[in-house]
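Please treat every number below as a calculation from the coordinates, not as lab data. Everything numeric here is computed off the predicted structure, so don't read it as measured data. Every residue, glycine as well, gets a Cβ built from its backbone with ideal geometry; the counts of neighbours run over all protein chains shown.
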Amino acid sequence: MDHVGAVTYRARTEPDHHHDRARLHWELVLAEGTSFAEGTDILAFNAGGRITSVTAFLDRAPAGGPADHHE
């Protein structure tokens, strides 16, 4: 993400886990502390505990991103 500078990944909540799935709520924070974007990832695990798939949702897109062009 060279166009926005350094960002930090931060968990918004503790992960939720149910059987072979986990849900992670996250946000990206710019160096000056401004929240840049938020999302939710759903992870699926195999019987050995390895991640088999990730489904990602962008809960709040960055300002000026694709969501702003669909009004």
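Annotations
- Potential extension, Ala56-Arg23 segment - 0.36 nm per residue separation minus Cα distance: 10.9 nm
- Here the dipole of the stretch 7-56 is about 160 debye; that uses its Cα centre as origin and unit charges on the Cβ of Lys and Arg (positive) and Asp and Glu (negative).
- Convex hull per residue volume in Å³, alpha carbons only, for the stretch 1-53: 88
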